[in-house]
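Remarks on the structure that follows.
The values are calculated or read from the model by the stated rules, or taken from the named source; none is laboratory data. Every value quoted in this text rests on a predicted model; they were computed, and no experiment measured them. Cβ placement follows ideal geometry from the backbone for every residue including glycine, while neighbour counts extend to all protein chains displayed.
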Amino acid sequence: MSKYLEFSLIEQKPKTKVIGVWSKKNANRLGIIKWYGPWRQYAFFPEKDTLFNVDCLVDIQSHIKELR
């Protein structure tokens, strides 16, 4: 469980998921996690002008690893 971030399913596709990443503090969407075909893996797509500390990046990485 993340101290600062909330992860929620936005879309269930036939083989993959799209996950929204939200701030717990102000409920703004910070980005999405979705399948990136050229790399054949999930990737994080941040919203414009967002900034992340190391703890948030670790939480995002952990969530991506759970999707494998």
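Considering only the range 1-27, state which residues are surrounded by 15 or more Cβ atoms within 10 Å (Cβ to Cβ) and at pLDDT below 95.
If the condition is that a residue be surrounded by 15 or more Cβ atoms within 10 Å (Cβ to Cβ) and at pLDDT below 95, then Ser2 is the only one that fits.
Just a yes or no: is a residue in the range 44-55 of a type in the set (A, V, I, L, M) and under 15 Å from Leu9 (Cα atoms)? It would help to see each step written out before you state the result.
Step one: of the range 44-55, the residues of a type in the set (A, V, I, L, M) are 51, 54.
Still in the list and also under 15 Å from Leu9 (Cα atoms): none.
Within the range 44-55, not a single residue is of a type in the set (A, V, I, L, M) and under 15 Å from Leu9 (Cα atoms).
Looking at this structure, is Tyr42 among the hydroxyl-bearing types (Ser, Thr, Tyr), within 15 Å of Leu67 (Cβ to Cβ) and surrounded by 13 or more Cβ atoms within 10 Å (Cβ to Cβ)?
Working: among the hydroxyl-bearing types (Ser, Thr, Tyr): yes; within 15 Å of Leu67 (Cβ to Cβ): yes; surrounded by 13 or more Cβ atoms within 10 Å (Cβ to Cβ): yes.
Judged against the criteria, Tyr42 is a match.
Which one of these does Leu30 not meet: (1) exposed (fewer than 10 other Cβ atoms within 10 Å of the Cβ); (2) touching a Ser or Thr at 6+ places or on another chain (Cβ under 6 Å)?
Unmet for Leu30, out of (1) exposed (fewer than 10 other Cβ atoms within 10 Å of the Cβ); (2) touching a Ser or Thr at 6+ places or on another chain (Cβ under 6 Å): (1).
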